[in-house]
Amino acid sequence: MHELRRPLQSLVLLDEPPPDADRPANGAESARRGLLELARSALASLDGEVNGASPLPARREVSCRELVHAALERWRPLAAAAGGVRLYWDAGAAPAVCDPVRVAQALDNLLANAVEHGGAPIVVTGARVADRLRVTVANGPGGGALAAGSGSDGARRNEGRDPRRGHGVELVTEVAGEHRGRFALCRTGSGCVAALEVPLTPGGLAQAA
């Protein structure tokens, strides 16, 4: 059931009304395509399990911009209660050959921990660094983003929380390694910055950029 949460949420969000003033039309359209990608992956996987149909390739070229916008859309209601999320994107379509479901899991962990354990402001950036996409998620002082489950303080903070959230660092590190990427986390007195890098496809999705 946990694995169905993300695609089911994507289908619900696809049926939401048009964007408001806080959700620019171009960002909403990018999020819509990202949500469709996740729903399509989940339905193809389910079709394979139930009917024996050929599954989609786990890794295929997708727009990381759309995956990031889709993740922000999924976390928008909870993020609003924490002061909202600011996005600064300067990486175009950011095409990459990746497993979109795994990348979505990593993005969900970064945003979940920033929203639940950090404080405002929460800022997401996307930039090209050589032949890679670098996505950073920064938050102000709070409980300490991605610190869940570490030590007795972490255990007290997580009483009553979903126990899966305690493995955020491990999961994002795994996803980065699977994609020949990198993950770094920096905690300071003013908050926390997490950076995920994945290789881009040179010239890929040129028309979408």
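Each value in this text was obtained by applying a stated rule to the coordinates, not by laboratory testing. Remember, predicted model here, so these are calculated numbers, not experimental data. Virtual Cβ from ideal backbone geometry, glycine too; neighbours counted across all protein chains shown.
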Between A184 and L78, take the C-beta separation as r, use R0 = 22 Å, and let me know the FRET efficiency to the nearest 0.05.
0.35
Burial ordering of V169, V129, fewest other beta-carbon atoms within 10 Å first:
V129, V169
How do 61-74, 79-92 rank on mean C-beta neighbours within 10 Å, highest first?
61-74, 79-92
Residues R102, R59 arranged by fewest to most Cβ contacts within 10 Å:
R59, R102
Label-point separation, R59 to W89 (7 Å along Cα→Cβ), nm
2.4 nm
